[in-house]
Amino acid sequence: MATFKITLAYDGTEFVGWQRQATGTSIQGLLEGALGELDGRKVTVTGAGRTDAGVHALGQVASCSIERSIASGQLVGALNARLPVDVRVLSAAEVPPTFHARFDARAKTYRYRIWNADVVSPFERRYAWHVDAALDVGAMNAAARLLEGRHDFAAFRAAGSAARTTDRMVIASRVDRRDRLVVYEITGDGFLRYMVRAIVGTLVEIGRGRQPPEWMGDVLGARDRARAGPTAPPEGLFLVRVDYGGPGKVPLKADTTGV
């Protein structure tokens, strides 16, 4: 039995999300199906992040154990031959059997893309939120910086969230403009469901001039979802990478992740 760390990218447009569902096609279900076909038995996969329907990934990480003896490079090719073209395995690395993609993660980075122009490019409509109103990126970035550090993010969680704690550490939170794209990037030790999208919706309210940058701090302190901005749509959100560095790092073998 060998345990693998698998890094993959996917276009989430056509899927119900990462997590296996009773109906609809999930990324987890596709990967488990491909591994099961390869291994000749049922294989369970654990993902580092549970991306929602319509959300994309550039560097999702999954862990699994299989009985078949196979080299990491061969596993990449074998899985990609069994997966649809909008899901690609980027790398595979054999790891100790104790490795857990979710619980061993030290940090995750998400990126949200906003297409800020009168007309949305047909090549961006699946990968960015179209906001045609002028956005003050300086004000948005000032507000985003207020989220750095350890805070209670209850104001940005999904309604009815069952999270045991809403405290999270945000390592970096930045907004910048790249021509017609406004890009928000956030790195933290963990995220609540819809947290990034709720933050983006709040940032857009500030960018449009409806609220000042310091309003972000007021919303954070209120711990009330009703005080924050709307939840941004899923298509602009990407899971960029998952980090496993730092003290207590799991010793990986032959990890060739290129994300």
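Quick note: the coordinates plus some simple rules give every number you see, no bench work behind them. Just so it is clear, the model here is predicted, and its values are computed rather than measured. As a convention, Cβ positions derive from the backbone with ideal geometry for all residues, glycine included, and neighbour counts pool all protein chains shown.
What to note about this one:
- Ranked from largest, the principal axis spans of the Cα set of the chain equal 58, 41, 33 Å.
- Percent of Cα pairs exceeding the 22 Å cut-off, where the set is segment 107-240: 29 percent
- Nearest 10 degrees, 0 to 90: helix 27-39 Cα axis against the chain principal axis: 10 degrees
- Taking segment 107-240 and dividing mean pair separation by its residue count, relative contact order in percent (alpha carbons under 8 Å, at least six apart): 37 percent
- Extension gain, residue 68-residue 224: 0.36 nm per intervening residue step, less the Cα-Cα distance, totals 51.2 nm.
- Distances between every pair of Cα atoms in segment 2-104, grouped in 5 Å steps from 0 to the bin holding the largest one, split as 2, 14, 26, 29, 19, 8, 2 percent.
- Reducing segment 172-238 and segment 25-52 to their Cα centroids gives an inter-centroid distance of 31 Å.
- Length gained when the stretch residue 158-residue 53 is fully extended (0.36 nm per residue, less Cα-Cα span): 36.4 nm
- Once C-alpha pairs closer than 8 Å and six or more residues apart are averaged by separation and normalised to the residue number of the chain, the relative contact order reads 25 percent.
- DSSP loop chymotrypsin sites (Phe, Trp or Tyr not before Pro) with at most 16 other Cβ within 10 Å excluded, longest remaining stretch of the chain: 124-259
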